[in-house]
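> The structure under discussion is supplied below as structure tokens; questions concerning it will follow.
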Amino acid sequence: MAIHSDWGNWLPQAVADADPDGLAVWYLGCNGFVLKAADGTTVFVDPYLGTGDPPRTVRMIPVPFAPEDVAAADAVLATHEHTDHTHGPSQAPILTGTDATFFGPSASVEIADGWREDHGVDSGDIAEVSEGDSLEVGSLSIHVESAHDPDADHPVSYVVECEAGTFFHGGDARPSEAFEAIGSAYDIDLAVAAFGSSGTIPDKETREPAYTKWYSDENMAAEAANQLQTDRLLPTHWDMWKGLTADPTVLFDHVRRFEYPRTIEILEIGDRTDL
């Protein structure tokens, strides 16, 4: 079934029309982003346009675009295999409609392999990555690093370097020695951290109510930013699921006594920031 956008095509058109001096970064809601470099290189990270699995998971924000409206893309990156990060209806049309390649860890690629039959994706457009790999996508150097996400089978994180600066996307990962190593190895300008509340969500199999903590809370998000030594922290995922949403402004109090981040940047779905 084709995905219907609540907003029409204005957001992918805004990306197509943009001519950034450095690296433009649009927040797609949930944990999704699209990056566009000065040379036009365009990379999507964890774009998810589904509505969840009501009543278990209920999307609380608009669907910002239909994937068929993406006119140009060079890569789609997945951090791990969960549906809101690796999703055929959201991501396969970007692959078939552009020259983009899907890059993901083993568990994500296992899912994406099914898109060949289900969505007509060419096998050459799916590539597995693992920790320690580096990719050159246009003017962007993308490094695959470890990630601590106890709910995922094989999570990774991505460090995206370009002339304008360094962007970090950790998926749904939480503070860990992996973040400490990344913070020591790279000079991160803008880091994404999944942040949300805990709640009671029906179990995926039994549908019985179960205590659920999928993302970092306030203290964990502050710890993650400090471990990554990031100048700017951009909280994500707080807007997405009914029962697990949160107020990102509380993070200002929690990071105040840490050296990092220097600033917190809060974007709503569809907003743009730049490096």
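> Out of (1) in contact with a strand residue (DSSP E or B) (Cβ under 8 Å, 6 or more places away or on another chain); (2) within 18 Å of Gly29 (Cα to Cα), the odd one out for Thr245 is which?
(1)
> In segment 254-272, which residue that is farther than 17 Å from Ala194 by Cβ and surrounded by 16 or more Cβ atoms within 10 Å (Cβ to Cβ) is modelled with the lowest pLDDT?
Tyr260
> Of Val137, Val156, Val121, Val109, which residue is under 20 Å from Ala37 (Cβ atoms) and either crowded, with 21+ Cβ neighbours inside 10 Å or among the β-branched types (Val, Ile, Thr) (or both)? Talk me through it step by step, then tell me what you get.
Values: Val156 fails: under 20 Å from Ala37 (Cβ atoms); Val121 fails: under 20 Å from Ala37 (Cβ atoms); Val109 fails: under 20 Å from Ala37 (Cβ atoms).
From the options Val137, Val156, Val121, Val109, the qualifying one is Val137.
> For segment 14-39, give me the residue count where each residue is over 20 Å from the mean Cα position of the chain (by Cα) and farther than 22 Å from Leu234 by Cα.
Total satisfying the criteria: 3.
> Still on this structure, I have one more. How many residues are in contact (Cβ under 8 Å) with a residue 60 or more places away in the chain, assigned to a loop (DSSP other than H, G, I, E, B) and more than 30 Å from Pro202 (Cβ to Cβ) if we restrict to segment 24-73?
Looking only at that region, the number is 4.
> Further, regarding this structure: Being under 20 Å from Gly29 (Cα atoms), within 20 Å of the chain's Cα centre (by Cα) and either in contact (Cβ under 8 Å) with a residue 24 or more places away in the chain or not in a strand (DSSP E or B) (or both): is that true of Pro235 here?
Details: under 20 Å from Gly29 (Cα atoms): yes; within 20 Å of the chain's Cα centre (by Cα): yes; either in contact (Cβ under 8 Å) with a residue 24 or more places away in the chain or not in a strand (DSSP E or B) (or both): yes.
For Pro235, the condition - under 20 Å from Gly29 (Cα atoms), within 20 Å of the chain's Cα centre (by Cα) and either in contact (Cβ under 8 Å) with a residue 24 or more places away in the chain or not in a strand (DSSP E or B) (or both) - is met.
> Looking at segment 205-218, is at least one residue more than 27 Å from Pro64 (Cα to Cα), touching an Asp or Glu at 6+ places or on another chain (Cβ under 8 Å) and of a type in the set (A, V, I, L, M)?
yes
> Could you give me the residue pairs with C-beta distances under 6 Å whose first residue belongs to segment 181-199 and is surrounded by fewer than 20 Cβ atoms within 10 Å (Cβ to Cβ), whose second residue is among the acidic types (Asp, Glu) wherever it lies, and which are 6+ apart or on separate chains?
Listed by first residue and then by second, the contacts come to Asp189/Asp231.
> Counting only residues that are small (Gly, Ala, Ser) and either within 20 Å of Glu136 (Cβ to Cβ) or within 13 Å of the chain's Cα centre (by Cα) (or both), how many does segment 91-117 have?
Final tally of qualifying residues: 2.
> Among the residues of segment 66-81, is any under 23 Å from His154 (Cβ atoms) and out of contact with any Ser or Thr (no Cβ under 9 Å at 6 or more places or on another chain)?
Yes: segment 66-81 contains one or more residues that are under 23 Å from His154 (Cβ atoms) and out of contact with any Ser or Thr (no Cβ under 9 Å at 6 or more places or on another chain).
> Under 7 Å between Cβ atoms, which residue pairs at least 6 apart in sequence (or on different chains) link something in segment 204-221 that is farther than 26 Å from Val255 by Cβ and free of Cβ contacts under 8 Å to residues at least 40 places away in the same chain with a partner that is surrounded by fewer than 17 Cβ atoms within 10 Å (Cβ to Cβ) and hydroxyl-bearing (Ser, Thr, Tyr)?
Pro209/Thr200; Ala210/Thr200; Tyr211/Ser198; Tyr211/Thr200
> Just to verify a result, which residue in segment 228-253, among those that are in contact with a helix residue (DSSP H, G or I) (Cβ under 7 Å, 6 or more places away or on another chain) and farther than 19 Å from Glu161 by Cβ, is surrounded by the fewest Cβ atoms within 10 Å (Cβ to Cβ)?
Among them, the one singled out is Val250.
> Let me spell it out: the conditions are (1) closer than 25 Å to Ala194 by Cα; (2) touching an Asp or Glu at 6+ places or on another chain (Cβ under 9 Å); (3) among the polar types (S, T, N, Q), and Ser139 meets all of them except one. Which number is the exception?
Among (1) closer than 25 Å to Ala194 by Cα; (2) touching an Asp or Glu at 6+ places or on another chain (Cβ under 9 Å); (3) among the polar types (S, T, N, Q), Ser139 violates only (1).
> In contact with a Ser or Thr (Cβ under 7 Å, 6 or more places away or on another chain) and buried (at least 20 other Cβ atoms within 10 Å of the Cβ): is that true of Ala222 in this structure?
Considered against the rule, which asks whether it is in contact with a Ser or Thr (Cβ under 7 Å, 6 or more places away or on another chain) and buried (at least 20 other Cβ atoms within 10 Å of the Cβ), Ala222 comes out as no.
Quick grid of which residues meet (1) in a loop (DSSP other than H, G, I, E, B); (2) of a type in the set (Val, Ile, Thr); (3) under 30 Å from Gly132 (Cα atoms):
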position: Val160; (1), (2), (3): no, yes, yes
position: Phe168; (1), (2), (3): no, no, yes
position: Ser184; (1), (2), (3): no, no, yes
position: Val192; (1), (2), (3): no, yes, yes
position: Ala210; (1), (2), (3): no, no, no
position: Trp214; (1), (2), (3): yes, no, yes
position: Asn219; (1), (2), (3): no, no, yes
position: Ala222; (1), (2), (3): no, no, yes
position: Asp239; (1), (2), (3): yes, no, no
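The values are calculated or read from the model by the stated rules, or taken from the named source; none is laboratory data. Note that the structure is predicted; figures quoted are calculated from it, not measured. Please note: Cβ atoms are built from the backbone with ideal geometry, for glycine as well, and neighbour counts cover all protein chains shown.
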